Structure formats: C-alpha cells, structure tokens
Amino acid sequence: MIRLDAVSLTLGHTKILNRCSWSFPDTGLFLLNGPNGIGKTTLFRLLMQDVVADTGKIIFTNASDDIYLVPHEPFMYQQLTGKEFLELIYKVRHQSAKHQINIWQLCQRVHLSQFLDDQIRTYSQGMIKKLALIAAIAANAQVLLLDEVFSGIDSTSIPVFVDQLNQLKLTHLIILVTHQATILQLISAPRLTIKDGQLSDG
C-alpha cells in the first residue's frame, strides 16, 4: 500500500497538494485524469521521491516502494538495440527465463519483435512508446506509474497492452495517466483527479 499522510507540496507559486491524505491498495489499476497542470506528473515525481513534500509523509508498505515509472517522454539509450535494452532490464531486475519468454511473445503481439535488432535511435515515437511499456512490464515492479504511455501507439497494439495491464492489476498496483478517449473506453477502472490540492474520485 502507498499512503499519503497530510502531504502538502508547492512548486514555484503553485500549490499542488494541500494536506492531502489518500491510500492506494497493494493491487489494482487506477486512472489519474484531469486537465494539464493539475499536478498528475508531479504526483508521480513525489511517489518516485524525485521531489520532497513540504509537509506530511508518504508511507510505503509491503514493498510498494518497488516502483517503475514510464514518463511521457521515455529516456532510452539510443545506441542500444531494442533487444539489448530489454536484456538490460532483465539483468538489472533479475527476471526469470520464463518471464523473459512472455516478454518476447508480447513483442511479437505488438509487432515490435522484427525491430529488436535495430538501434533505438532508428525507432519512431510509437515504437519507443511500445518498447518503454514493454520494459515496464518486463521490470515486474510492484508499482507501475504510467504517464501518457499510449500516445503514438497504433490502434491494433493498444488492446494487447490493455489486456496486459488488466492481468497485471491482479498482482500489481498500476496508476495510469491518460487523456486518450480510446483508452478511457477500453479500461474499466476507478478514476482519480487532483482538485483543490486533494486527490479525489474523478
């Protein structure tokens, strides 16, 4: 579980959170939506401990500090091939051979496998987004923070990824930021927003 306990955060002259208290369970999928500038990405940075709350605290239980973030513009090692990048994830995250096989199968299902021997610098935006999302699934972290990960991904691959997230939510916590109507229609999940410095059902 991740619990925000009276967390306040101001960046510049903008108050993002104001004594916000909220609990996320160990598992499940949540959609975080709302207009740009309300603090969705900042909340992710707070959970990643890239920024520090002004007051209050964030409490992690049951190893929920095992967090993997896919930002809106994912960082990639451009000189690596897609395969080398995934193999790096496997090595760092100590993933089993069985899990790796499932990931290669996912690459095939979203039509990325034929490009895995190419350097990432040759990838289109959609291919980079696919690889970043596959890497997040490959990492198998307990908590996945996904910030607009579907933008640029082709319409035939989106349902495959949504199916993966629906499976993962049974054993992992996933918080997804998206504005795409297609995704909102495909995913049935609680919707949250940030309003007046509070997390609330959106």
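Read-outs throughout are calculated quantities, based only on the coordinates presented, and are distinct from any laboratory measurement. These numbers come from a predicted model, not from an experiment. Backbone-built Cβ (ideal geometry, glycine too); neighbour counts: all protein chains shown.
Annotations for the structure displayed:
- Considering helices alone, the calculated mean residue ellipticity of the chain at 222 nm is -9500 deg cm²/dmol, with DSSP H runs of length four and up weighted by -39500 (n - 2.57) and normalised per residue.
- What the Cα convex hull of region 106-202 gives, in volume per residue, is 115 Å³.
- Placing R0 at 41 angstrom, the Cβ-Cβ distance between TRP104 and GLN49 gives a FRET efficiency of 0.80 after rounding to 0.05.
- About the Cα centre, charge dipole magnitude for region 56-198 (Lys/Arg +1, Asp/Glu -1 at Cβ), debye: 240
- In nm, spacing of pseudo-spin labels at GLN78 and ALA181 (7 Å Cα→C-beta vector): 3.6
- A simple rule links phi to the HN-Hα coupling: the Karplus curve 6.51 cos²θ - 1.76 cosθ + 1.60 with θ = phi - 60°, which for region 38-46 gives 8, x, 5, 5, 5, 4, 4, 4, 5 Hz, with x for Gly and Pro.
- What the Cβ-Cβ distance of ASP196 and SER151 gives, at R0 = 45 Å and to the nearest 0.05, is a FRET efficiency of 0.95.
- Theoretical FRET efficiency, 1/(1+(r/R0)^6), r = Cβ-Cβ of VAL160 and LYS57, R0 35 Å, to 0.05: 0.35
- Top positive-direction residue, dipole computed over region 69-133 with Cβ charges, set THR81, CYS107, ILE128: CYS107
- The chain: translational diffusion in µm²/s, Stokes-Einstein, Kirkwood Rh over Cα pairs, 37 °C, 0.692 mPa s: 187
- SER113-THR27 pseudo-label distance in nm [points 7 Å out on the Cα-to-Cβ vector]: 2.8
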